1. Looking at the chain from every direction and averaging, what is the projected area of its Cα convex hull in nm²?
2. Under the √(5λ) rule applied to the eigenvalues of the Cα gyration tensor, what semi-axes describe the equivalent ellipsoid of region 118-245? Give them in Å, descending.
3. Would you mind checking the radius of gyration and Dmax of region 47-139 based on alpha-carbon positions, in Å?
4. Calculated from DSSP H runs of 4 or more alone, at -39500 (n - 2.57) each and per residue, what is the 222 nm mean residue ellipticity of the chain, nearest 500?
5. List, in order, the whole-Hz ³J(HN,Hα) value for each residue of region 232-245 obtained from phi through the Karplus relation with A = 6.51, B = -1.76, C = 1.60 and θ = phi - 60°; use x for Gly and Pro.
6. Decide, for region 1-109, between rounded, prolate and oblate: order the square roots of the alpha carbon gyration tensor eigenvalues as a ≥ b ≥ c, take rounded if a/c falls under 1.5, and otherwise choose prolate if a/b is larger than b/c, else oblate.
7. Could you give the semi-axes, largest first, of the ellipsoid that matches region 188-268, computed as the square roots of 5 times the alpha carbon gyration tensor eigenvalues and rounded to whole Å?
8. Taking +1 at the Cβ of each Lys and Arg and -1 at the Cβ of each Asp and Glu, which of Gln82, Gly181, His124 sits farthest along the dipole of region 55-201 towards its positive end, judged by Cα position relative to the Cα centre?
Amino acid sequence: MTQSFAPLHMVSRFAPSPTGRLHIGHGWSALMAMDMARAAGGAFRLRIEDIDGTRSRPEHVAGIIADLRWLGVEWDGAIVFQSERLDRYDAALERLRTMELLYPCFCTRADIQAQWAASVSAPHGPEGAIYPGTCRSLSETERARRIEAGDPLAWRIDMARAVARMGPLHWTALPFSPGMGPAATIAADPLAAGDVVLARKDAPASYHLSCTLDDAAMGATHVLRGHDLFAATHIHRLLQALLDLPTPAYLHHPLLLGPDGKRLAKRDGAIGLADLRAQGADPAQLAADLRAGRFPVGFSLGEA
Ligand code: GLU
C-alpha cells in the first residue's frame, strides 16, 4: 500500500487481545501495519492487550506470538504487555479525576438494561444505546456512602464536560487504498459515545484508556486497525487532548467477512492461523495472498 502521509520516522503497531487465537483477518491487518511502516523506513511494534480479566487467556498469548512469527510478521523492540503497565493507567485515571472529569458508576449491566427499557427513547450512539448517565447525578454523600460500603464501581468520563473543556478536535483518517482519495480531516465526535467507562470493576483500565496511552508511549505515528474501531477513534482523540498526548494518523481498514457475510469469529469456522499452520499451509504463500487481497473463496471485505 502506498502512503502519501509519511513523517520522518513512521511507527505503526498491531495490538491483539488474547481472547482467542488469530484468524486470517488479523494476519492481514498485522501484515498491512508492518508493511506500511517498513515501506516508509519506520518501525513496527507489537502490543498484547491482556488486561481484560474476564476474556483474556494467558495461554493465547504464546499462541498469538507463534502465529504471527509463522506468518512472517516481525516487530521491532520488545513486545509491550498491557498487564505490565497498570501504574500508567492508574496515573492517568488520577489525573482525569483531579480534573473532575470522572465519576464512579455503580450500575450493573442489568441496571442499565432496565434504565433503557424504562425510557421512552434511550439515547443512541454509533454502537447502540448509550449509558443514560444515571450515576452522574448522584450526590457526593451517596457516592461516598456506596464507595465506603464497597459497592463495585466503574469510572466513567463525564463526556459533555470533557468535550466542553477541550473544544473542537480533529483527527486524520488515511484512505485504505490510494484509490480511495486523499487523507481526510475528521471532526471528533466523542459525545456520540456517551459517558464511556475508563476503568472497570474487573479491569484496571478500559480499552479506550489503555490503548490511547500505549499508542503514545510506543511512539505510534500511524494506527492501522479495523473499521469496527472507527467510533473508538473519536474517543481516543479526546483522551489524547485531555492527557496532552500526540495524535497519530488513523487508517481503518474494512473487516474481512466470512462466506455468511459476517465478520470473522473463530467459533463460526473462520480460518484460524493456527489451523492453517496445522494443515501444513505455506505461510509465505498465505502472506503473499493476503497482501494481494486474495482471500479464500466466499470471503469479502466489509464497509470501509
Ligand atoms: N485489541 C484490539 C482488538 O484486538 C485492537 C486494538 C487497536 O488496534 O486499537 O480488537
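1. Values: hull surface 68.2 nm².
The orientation-averaged projected area of the Cα hull of the chain comes to 17.1 nm².
2. Each semi-axis is √(5λ); the values are 31, 17, 13 Å.
3. 19.2, 55
4. -11000 deg cm²/dmol
5. In residue order, the calculated couplings are 5, 4, 4, 6, 4, 4, 5, 4, 4, 5, 5, 9, 6, 9 Hz.
6. Because a/c hits 1.5 or more and a/b fails to exceed b/c, region 1-109 counts as oblate.
7. 24, 16, 13
8. Farthest along the dipole direction, towards plus: His124.
Here, each number is a calculation from the coordinates, and none is a lab measurement. This structure is a prediction, so every number in the text was calculated from the model and none was measured. For neighbour counting, all protein chains shown are included, and Cβ atoms are generated from backbone atoms with ideal geometry for every residue, glycine included.
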